[in-house]
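Heads up: the structure comes next, in structure tokens.
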Number of protein chains: 2
Amino acid sequence: MKIFRTIEEQQNYSKNEKCENIKIALVPTMGFLHEGHLSLIDKAKEHADKIIVSIFVNPTQFGEGEDYKDYPRDERKDLEVLREKNVDAVFIPEVSEMYPEGFRTFCEVGELSNKYCGESRPAHFRGVTTVVLKLFNITKPDIAVFGEKDYQQYIIIKKMTEDLNLPIEIIPSPIIREGDGLALSSRNIYLEKEERIEATVIYESLVMARKMIDEGEYEVNLLKGKMNELIKSKKHARIDYIEFVDSRTLEKVEKVENPTRILVGVWIGKARLIDNMEIKP
Amino acid sequence: MKIFRTIEEQQNYSKNEKCENIKIALVPTMGFLHEGHLSLIDKAKEHADKIIVSIFVNPTQFGEGEDYKDYPRDERKDLEVLREKNVDAVFIPEVSEMYPEGFRTFCEVGELSNKYCGESRPAHFRGVTTVVLKLFNITKPDIAVFGEKDYQQYIIIKKMTEDLNLPIEIIPSPIIREGDGLALSSRNIYLEKEERIEATVIYESLVMARKMIDEGEYEVNLLKGKMNELIKSKKHARIDYIEFVDSRTLEKVEKVENPTRILVGVWIGKARLIDNMEIKP
């Protein structure tokens, strides 16, 4: 497994592989890898010959007062896991390599970036799209895999890729959950014991909504109300947002008529967790 | 000479050429080609094997009330000229090909885009960087040539290319002038006869400043005052800006001590013309 810490090394590697007509996949991560990340790698292997995983805790996607400094990191373990997983190359740059002094170029996907997660994290998606665009230019993948847990992010990256005419296929990969339903996230490590137990309410609220829809309830206001109630019944939970949106455009819907995503953001203690579920009525 | 009107055709062409280890140059233009553009092509030929010229009057870089609709176009003559010039491929898309409905991704080079030309044309450089980024992704060049007449644009594109880790060399090409010093521009066609005569004052003011500097005058305020006076003496001239800036960073300077660019924007009648000059004290 190759390990590249400079942009130049990674670009040379990708350039050489590219000309041999090999399909390259990129799996971008912020490290502290869990089963969710490993499922992205498996998905990448279905579509490509060479797998590049990037590990970079990207400062520009964290707002002031957010958990950039505290975000969990474990480089040694990550590299071990990736070696076992037979990844071909890992790109793991320093911040100063990605953002040298005087850096000032940003890429933004209008509207889509300002709502839902973007509302409570104003510059978040601008940081995400910018770093992903850089990673695309550095690793030159034919495909890139993004987890559906960050559904808004997946849609935004897909839109950016189309709008900028990048010849890269963006492939979604399903959410991986703990046995009790909690979606895997590096941030789950922030949860205290009692909070960890309560955190399952996020998934439970999604399952409840799906059940109600299956039974014929299509009014979003009513469905949101019920989810709200259930989540609020937990001592450590504070709702950031619950929204029902068109799965493709992320426009809010008032009735569940077409393919719909339920998006949820909830604070549990000091962890801000997100989850979502596809509804095909 | 190949003529491509769709992104797919152009991308396929570039992809195929690329893998044969050939150096590709892009010369982006808005058409209505003049000697200035042809000099960019000559410059490109010094550095590359295959020359792609793009012709696209880019709506997103024109502000409201600007001359997007009136901007001169002559596709037939442009293609004739490029054929004579032995260009390899021309990319000449429709607006709907470059900006399909729902397009919403923009790329911006912070600060640099808001001053000088960017002050009187607020979204101008955002439109320029976005379309150039798209053109880069579509044509996949190894080098791209930009005229120094649009000096701020050249610096901004260079910065974007570095910041986004695009493996493209940005090459500047010197300003081409009429016999009386007026910098070539497609917009010169807007000038009435009397205005055309007066328009030489822009270049004259730059030459005057250079002469004063050669003679030991380094105070920018004084130099700007003299240029102002000279330009204002012309009936049809209205100054947009005169600035002395660091040639590399575009930061304003108060004294001419290091390599400096004098940047000028002047309205002559309904034509907004720009020009600039390098000073190496």
- Query: Does B:Asp74 satisfy the condition of being assigned by TED's automatic domain parsing to the domain that holds B:Glu169, under 30 Å from B:Ala123 (Cβ atoms) and either touching a strand residue (DSSP E or B) at 6+ places or on another chain (Cβ under 8 Å) or surrounded by fewer than 19 Cβ atoms within 10 Å (Cβ to Cβ) (or both)?
  - Reply: yes
- Check A:Cys107, A:Cys117 and return the single one that is under 30 Å from A:Val264 (Cβ atoms) and either in contact with a Pro (Cβ under 8 Å, 6 or more places away or on another chain) or within 14 Å of chain B (Cβ to nearest Cβ) (or both). A:Cys107
- Query: Give me the pairs: first residue in the range A:1-15 and among the basic types (Lys, Arg) and modelled with pLDDT of 95 or more, second residue surrounded by 14 or more Cβ atoms within 10 Å (Cβ to Cβ) and not in a helix (DSSP H, G or I), beta-carbon distance under 7 Å, and six or more apart or on different chains, which are they?
  - Reply: A:Lys2/A:Asp88; A:Lys2/A:Ala89; A:Arg5/A:Ile92; A:Arg5/A:Pro93
- Given the residues A:Ser247, A:Ser233, A:Ser173, A:Ser185, which is the only one that is under 21 Å from A:Phe146 (Cα atoms) and either within 14 Å of another protein chain (Cβ to nearest Cβ) or free of Cβ contacts under 8 Å to residues at least 40 places away in the same chain (or both)? A:Ser247
- Yes or no: B:Val128 closer than 29 Å to A:Ile168 by Cβ and touching a residue at least 60 places away in the same chain (Cβ under 8 Å)? yes
- Message: Tally up the residues in the range A:84-99 that are out of contact with any strand residue (DSSP E or B) (no Cβ under 8 Å at 6 or more places or on another chain) and of a type in the set (Val, Ile, Thr), please.
- Response: 1
- Of all residues in the range B:97-116, how many are in a loop (DSSP other than H, G, I, E, B) and surrounded by fewer than 24 Cβ atoms within 10 Å (Cβ to Cβ)? 9
- Those residues of the range B:100-159 which are modelled with pLDDT under 95, touching a strand residue (DSSP E or B) at 6+ places or on another chain (Cβ under 9 Å) and not hydrophobic (A, V, I, L, M, F, W, C), in sequence order: B:Gly110, B:Lys115, B:Tyr116, B:Glu119, B:Ser120, B:Arg121
- Task: From the list A:Ser233, A:Ser247, A:Ser205, pick out the single residue that is at pLDDT 95 or above, farther than 26 Å from A:Ser186 by Cβ and among the polar types (S, T, N, Q).
- Result: A:Ser233
- Of the residues in the range A:19-40 that are touching a helix residue (DSSP H, G or I) at 6+ places or on another chain (Cβ under 8 Å) and in a helix (DSSP H, G or I), the one that is farthest from A:Gly127 (Cα to Cα) is A:Leu38
- Item | Given (1) within 14 Å of chain B (Cβ to nearest Cβ); (2) in a helix (DSSP H, G or I); (3) farther than 20 Å from B:Ile157 by Cα; (4) modelled with pLDDT of 95 or more, index of the condition A:Pro93 fails | (2)
- Message: Looking only at the range B:77-90, count every residue that is exposed (fewer than 15 other Cβ atoms within 10 Å of the Cβ) and assigned to a loop (DSSP other than H, G, I, E, B) and tell me the total.
- Response: 1
- Message: B:Asn188 - would you say it is crowded, with 20+ Cβ neighbours inside 10 Å, in a helix (DSSP H, G or I) and of a type in the set (S, T, N, Q)?
- Response: no
- Query: Does A:Glu119 meet the test of being surrounded by fewer than 20 Cβ atoms within 10 Å (Cβ to Cβ), out of contact with any Phe, Trp or Tyr (no Cβ under 6 Å at 6 or more places or on another chain) and part of a helix (DSSP H, G or I)?
  - Reply: yes
- Message: Here is a check on your reading of the model: is A:Val90 in the same structural domain as A:Gly36 (by TED's automatic domain parsing) and over 24 Å from A:Arg121 (Cβ atoms)?
- Response: yes
- Select from the range A:134-164 the residues that are closer than 17 Å to A:Gly31 by Cβ and of a type in the set (S, T, N, Q) and write down the one among them that is farthest from the other protein chains (Cβ to nearest Cβ). A:Gln153
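The values are calculated or read from the model by the stated rules, or taken from the named source; none is laboratory data. Please read all numbers here as calculations on a predicted model, not as lab measurements. All Cβ positions, glycine included, derive from the backbone under ideal geometry; neighbour counts span all protein chains shown.
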